[in-house]
Amino acid sequence: MILPILEFPDPRLRTKAKPVSLVDDGIRTLINDMLETMYDAQGIGLAATQVDQHIRLLVLDVSEEKNQPLVFINPEMVPLTEERAPYDEGCLSVPGFYETVERPARIRTKALDRDGHVFEIETDGLLAVCLQHEMDHLNGKLFVDYLSALKRERIKKKLEKQHKAQA
């Protein structure tokens, strides 16, 4: 099922997500719906917060063929380097806007998979950027928070205008 995606400046995007206490069929259904929603929106990552589910769950697929979905439940991230890498980021909750954000270049992430098993990965490049971006959502943070107040306000006003025109 395709879920509605919250858009900035919706205040629900600022909600801090709670840990998932039990990985069950309800969580797996949400994972499937989130993947379907992400693929339908042509995204490469989606956090549960973006679909108004305030739990620590995110899905990603940075593969060219869009056939390598990754699931992270209760993810914890540790930067592995002081080096920061710039990347042009976009967001399904901030449609139509792309801005350069600098993040740690290499990270280690520990999480549960869709079956509740613990796993760890070390990564860099697009996967590292995407993971950090989606984990920010779980903490109520958006990529626009890394921008100047002026840029953020400009994006907010444009999106509010679009929302009014669609209402």
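The values are calculated or read from the model by the stated rules, or taken from the named source; none is laboratory data. Keep in mind the model is a prediction, meaning the values are calculated, not measured. Cβ: placed from backbone, ideal geometry, glycine included. Neighbour counts: every protein chain shown. When the accessible area is computed, the model is the full protein with side chains, heavy atoms only, and any ligands, DNA or RNA have been set aside. Shrake-Rupley method; radii C 1.70, N 1.55, O 1.52, S 1.80 Å.
What residue, of Gln166, Gln68, is polar (S, T, N, Q), out of contact with any Asp or Glu (no Cβ under 6 Å at 6 or more places or on another chain) and exposed (fewer than 14 other Cβ atoms within 10 Å of the Cβ)? I'd like the intermediate steps shown before the answer.
Working: Gln68 fails: out of contact with any Asp or Glu (no Cβ under 6 Å at 6 or more places or on another chain).
On inspection, the qualifying residue turns out to be Gln166.
Would you mind finding the one in Arg114, Arg106, Arg84 that is closer than 26 Å to Asp52 by Cβ and open to solvent by 60 Å² or more (accessible area, probe 1.4 Å)? Steps first, please.
Values: Arg106 fails: closer than 26 Å to Asp52 by Cβ; Arg84 fails: closer than 26 Å to Asp52 by Cβ.
Just one listed residue meets the conditions, Arg114.
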Scan segment 5-46 residue by residue and report those that are open to solvent by 80 Å² or more (accessible area, probe 1.4 Å), touching a residue at least 12 places away in the same chain (Cβ under 8 Å) and part of a helix (DSSP H, G or I). Arg12, Arg14, Glu36, Asp40
In segment 122-135, how many residues are farther than 19 Å from Lys66 by Cβ and without any contact (Cβ under 8 Å) to a residue 24 or more places away in the chain? 0
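If you scan segment 29-61, which residues turn out to be basic (Lys, Arg) and more than 17 Å from Asp136 (Cα to Cα)? Step through it out loud before you land on a result.
Taking segment 29-61 as the starting set, the residues that turn out to be basic (Lys, Arg) are 56.
Selection gives nothing.
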Pro95 fails exactly one of the following numbered conditions: (1) farther than 14 Å from Asp136 by Cα; (2) free of Cβ contacts under 8 Å to residues at least 60 places away in the same chain. What is the number of that condition? (2)
What are the residues in segment 143-156 that are farther than 23 Å from Asp52 by Cβ, open to solvent by less than 70 Å² (accessible area, probe 1.4 Å) and in a helix (DSSP H, G or I), if any? Ala149
Does segment 53-60 contain at least one residue that is without any contact (Cβ under 8 Å) to a residue 60 or more places away in the chain and not aliphatic (A, V, I, L, M)? yes
